[in-house]
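So the structure is just underneath, and the comments pick up after that.
The values are calculated or read from the model by the stated rules, or taken from the named source; none is laboratory data. Note that the structure is a prediction, hence the values are computed from the model and not measured. Every residue, glycine among them, receives a Cβ derived from its backbone with ideal geometry; neighbour counts consider all protein chains shown.
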Amino acid sequence: MSKTVTLTIDGQTLTVPAGYSIWEAAHQVGINIPNLCHHPALRPEGSCRVCVVKVKGARNLSASCVTKVAEGMEVSTHTPEVLAVRKNIVELLLANHPRDCLSCARSGNCELQKIASDMGIRKIPYNYNRPPMKKDEGNPSITRDPAKCILCGRCVRMCSEVQGIGVYGFTWRGINSRVSPAFDLPLDKATCTYCGQCAKVCPTGAITIHNDTDKVWAALRDPEKIVMVQTAPSVRVGLSEALGGKPGDIVTGKMVAALRQLGFDKVFDTNWSADLTIMEEGTEFIHRLKDGGVMPMITSCSPGWVNYMEMFYPELIPHFSTAKSPQAMFGTMLKTYYAQKMNIDPAKIVSVSIMPCTAKKFEAQRPELSASGFRDVDVVLTTVELGQMIREAGLNFQALPDEQFDPLMGVGSGAGTIFGTTGGVMEAAVRTAYELLTGKGLDPLELAPVRGMEGIKEATLTIGKTKVKVAVAHNLANARKVCEAIKAGNPHGWHFIEIMACPGGCINGGGQPISLEMDTPVKRQEALYTDDRNLPIRKSHENPEVQALYREFLGEPNGHKAHQLLHTHYREQIRG
Ligand code: FES
């Protein structure tokens with residue numbers, strides 16, 4: 001069978017791989033066919049029919065996202081009949097859609113709004129008759145507004161097929177139809193990990209990120225408060241997209257400048273505490289390896305993954321590293337080390353973090369993350385929310401000069417920066433653990449087998465006389481495979497495993513700008529690797545500000561004080 005197919009679309013002849021849909025073929029040559037239920041990261045379903053086209057010889061119009069290309073096929077994407085049918089489908093969707101677009105969280109970034117605008121729909125010829133539906137706002141991460149659901153099923157497919165959980169399903173019938181967790185449970189009662197991937201694929205305002213910008217504006221206006229902010233590695237390669245830039249733009253300096261312009265008193269780098277995490281987690285791993293501790297050890301810095309494990313695999317809790325996440329470590333050190341050093345009352349500090357992650361909002365509210373006597377992190381904003389604040393302030397982001405992070409907690413290594421991508425935490429940990437165990441630097445420094453977007457990656461290293469086998473998994477369907485393998489006796493012989501909840505890791509977290517382009521996460525990942533290569537320090541244990549922290553405040557990694565402040569515990573979560 002031929003591996004390619006030649007067809008014409010709107011008179012243009014093109015050759016594409018056999019098995020492509022008409023929509024994919026058209027997209028490849030820049031022919032725009034509107035789509036709503038289809039998302040390039042998901043299996044096509046063909047439910048909304050917005051993407052219909054005319055295929056010569058076919059009796060009915062064909063949904064281009066589910067119709068495969070065929071040799072000699074002749075496709076027309078914008079005949080009068082096609083345009084009229086599409087427009088009527090969208091008018092029917094709008095008829096049952098709330099009319100509060102101006103104040104909707106997705107205003108200006110809503111696929112339904114854009115399609116309606118592109119189609120020139122200026123009035124809706126049908127009456128609104130959908131019954132009232134209750135919003136779900138009872139959790140810190142994700143807000144659901146079923147009245148805005150257009151039943152495209154993207155969230156259903158994302159949660160079940162990519163993340164392997166299946167929180168959402170189609171419920172009720174007819175005009176009452178909606179997508180919701182079983183029994184209409186709110187998300188905090190369902191087995192939702194708060195990864196936010198559903199919000200990333202929702203085309204409308206039906207699933208959005210819980211917005212905390214008001215809390216930050218209030219703190220910035222309060223003269224009694226000292227507002228300090230940390231920024232996660234992935235934010236510097238995602239923020240630009242929210243402000244008119246391209247995927248993969250590295251905007252660290254402009255981001256720092258914007259945060260100062262917004263009024264933050266100090267601007268710090270979560271890369272600093274990613275390095276600190278490596279010191280604690282790497283030391284913990286070395287102890288487990290030498291002393292026969294519970295193996296394999298699994299990373300614990302992805303809060304969606306922590307929720308998943310606590311809900312679905314609580315028996316694996318002893319495998320978790322007890323090291324807090326970089327976000328939480330940073331918050332603790334801000335209100336202890338930094339406050340002491342600068343003679344600031346920690347009660348006056350408002351600790352804000354900018355994260356690519358929606359689950360971080362939940363993590364910050366965990367009661368155990370307050371070992372200093374104060375909450376580690378007071379408010380978590382996503383990359384998208386920071387973009388909104390910058391727009392609200394009217395800053396011309398692209399014209400801002402580059403500025404540096406504030407000192408003491410503002411230096412991060414390249415190892416810290418690659419925390420943002422799948423494989424990055426493991427690579428950072430190996431750079432340090434190898435050198436601490438052997439006294440020699442890892443050569444080459446870059447751990448190629450754990451790079452890239454493969455779902456589960458492995459590498460074997462000879463460290464002294466021991467062969468150490470590490471594994472990396474991203475997205476929760478792959479996490480499940482890893483958990484099952486551990487339960488089956490760890491047949492792969494893994495010693496250390498990195499797991500991140502989101503596909504691709506934090507670069508593609510639920511709080512990053514929404515993109516319909518499949519190569520966006522890869523561009524962000526490449527940007528982090530570029531950032532790593534360009535930084536003067538590339539190993540966590542060489543970070544001078546982290547070395548000073550141990551010398552002046554904590555003592556030894558994994559020592560008594562470090563354990564008290566920088567480690568945590570986990571518990572089974574029972575929901576549903
Ligand atoms: Fe093709 Fe919905 S986008 S049917």
### Summary
Matching residues in region 557-572 (part of a loop (DSSP other than H, G, I, E, B) and free of Cβ contacts under 8 Å to residues at least 60 places away in the same chain) number 1
### Message
For region 270-311, give me each residue that is over 25 Å from Val411 (Cα atoms) and in contact with a Pro (Cβ under 8 Å, 6 or more places away or on another chain).
### Response
Val294
## Note on the structure
Taking region 538-570 and the residues there that are under 26 Å from the mean Cα position of the chain (by Cα) and surrounded by 14 or more Cβ atoms within 10 Å (Cβ to Cβ), the one that is nearest to Gln327 (Cα to Cα) would be Leu566
### Message
Looking at Pro98, Pro125 in this structure, which one is closer than 24 Å to Val156 by Cα and more than 12 Å from the ligand (Cβ to nearest atom)?
### Response
Pro98
#### Entry: strands (runs of 3 or more DSSP E) (entirely within region 107-182) containing at least 1 residues that are crowded, with 18+ Cβ neighbours inside 10 Å and of a type in the set (Phe, Trp, Tyr)
168-171
### Summary
Per the list (1) within 16 Å of the ligand (Cβ to nearest atom); (2) of a type outside the set (Asp, Glu); (3) without any contact (Cβ under 8 Å) to a residue 40 or more places away in the chain, residue check on Ser64 breaks on (3)
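Condition check ((1) out of contact with any Pro (no Cβ under 8 Å at 6 or more places or on another chain); (2) at pLDDT below 95; (3) farther than 30 Å from Pro314 by Cα; (4) crowded, with 21+ Cβ neighbours inside 10 Å) across all residues:
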position	(1), (2), (3), (4)
Pro186	yes, no, no, no
Cys192	no, no, no, yes
Gly196	yes, no, no, yes
Asp214	yes, no, yes, no
Glu224	yes, no, yes, no
Thr231	yes, no, yes, yes
Gly238	no, no, yes, yes
### Query
How many residues does region 140-173 contain that are closer than 22 Å to Phe362 by Cβ, touching a helix residue (DSSP H, G or I) at 6+ places or on another chain (Cβ under 8 Å), away from the ligand (no atom under 16 Å from the Cβ) and not aliphatic (A, V, I, L, M)?
7
### Message
Go through region 43-61 and report how many residues are of a type outside the set (Lys, Arg), in a loop (DSSP other than H, G, I, E, B) and away from the ligand (no atom under 11 Å from the Cβ).
### Response
3
### Query
So which residues in region 433-459 are of a type outside the set (A, V, I, L, M, F, W, C) and closer than 22 Å to Glu280 by Cα, if there are any at all?
Tyr434, Glu435, Thr438, Gly439, Lys440, Gly441, Glu446
### Task
Within region 1-35, work out how many residues are within 16 Å of the ligand (Cβ to nearest atom) and assigned to a strand (DSSP E or B).
2
